[in-house]
Amino acid sequence: MSVQEQKAPVAKKVISEAVILMPRTFLMRSENQSATTKENHEDLYNTYVKSFNRISAKLDTVSRADADNSNDSEYRRLKLDEVHNMNGVKLHELYFTNVGDPKSEIRADSIPFMRLSRDWGTFDAWQLDFRACGMAAREGWAVCYFDPFKNQYFNCFVEQHTANVPVMGIPVLVVDTWHHAWFYDFPGDKMEYMNKSMREINWEVVEMRMMAAEMSKLNQVYAIQPVASIDKEKTVGFSPASSAPVAVLGDRK
Ligand SMILES: [Fe+2]
């Protein structure tokens with residue numbers, strides 16, 4: 001019997017996707033942000049955490065069978081909102097921990113200075129490129145990433161929380177460019193917000209992230225190649241719509 005003709009085994013467990021995030025607390029030491037902006041940010045962050053937890057629980061029970069088209073399904077809406085809120089939490093946590101250092105300073109012998117100078121030619125060239133990312137971003141984020149494939153850093157912006165996110169890019173520095181982050185304190189002057197935010201970067205945090213990113217060896221993910229087989233009985237393929245797409249070889253359940 002070919003794999004395609006086998007019946008998919010009945011699931012023994014109910015799908016359980018629920019992941020509960022616990023909101024973290026952060027020291028908001030920035031001297032550039034008003035108390036109002038800090039409170040607004042805290043409220044927004046907590047809303048992303050609560051929304052993610054609620055969506056995660058709903059995904060445990062929503063019908064997969066009704067998600068039979070890409071135009072309208074509760075499953076589709078929940079999956080979009082899941083990543084929106086998940087990234088909203090992650091990006092804010094990265095942002096809260098890498099800015100707001102009033103004693104910010106970068107040393108010429110630090111890893112961030114050496115890496116960014118290496119990849120842009122000069123540290124100032126990196127600064128201007130990163131600020132340009134922030135200015136070009138609409139409601140979103142300016143992000144400096146480590147690319148484990150090229151083993152170098154690059155700047156890019158995210159729009160909202162999910163658009164223009166580079167696959168496998170590891171964020172080492174994040175600055176919020178949503179209006180709520182800057183418009184109240186710097187009305188109409190986003191450039192000043194970017195300048196002042198970059199003068200409060202916690203370079204020790206960025207350095208630790210760079211070290212972790214470079215040691216992660218995620219470039220190995222790209223190097224994995226498939227093992228070819230000419231044995232048709234061992235070929236996995238698509239099954240009827242009523243069953244799971246992939247049958248597991250050797251699964252005796
Ligand atoms: Fe924000």
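The values are calculated or read from the model by the stated rules, or taken from the named source; none is laboratory data. Owing to the predicted nature of the structure, the values given are computational and were not obtained by experimental measurement. Here Cβ is always computed from backbone atoms with ideal geometry, including for glycine, and neighbour counts include all displayed protein chains.
Couple of notes before you dig in:
- Residue count for segment 35-56, restricted to those that are under 21 Å from the mean Cα position of the chain (by Cα) and either away from the ligand (no atom under 16 Å from the Cβ) or not basic (Lys, Arg) (or both): 15
- Any helices (runs of 4 or more DSSP H) falling wholly within segment 155-253 and containing at least 1 residues that are at pLDDT 95 or above: 179-182, 190-198, 203-215
- Within segment 159-181, the set of residues being free of Cβ contacts under 8 Å to residues at least 40 places away in the same chain and within 10 Å of the ligand (Cβ to nearest atom) comprises Trp178 only.
- Taking each residue of segment 34-51 that is free of Cβ contacts under 8 Å to residues at least 24 places away in the same chain and looking for partners that are near the ligand (Cβ under 10 Å from one of its atoms) with beta-carbon atoms closer than 9 Å, six or more apart or interchain, yields Thr47/Gly88.
- Residue in segment 82-94 that is farther than 21 Å from Thr177 by Cβ and more than 11 Å from the ligand (Cβ to nearest atom) present: yes
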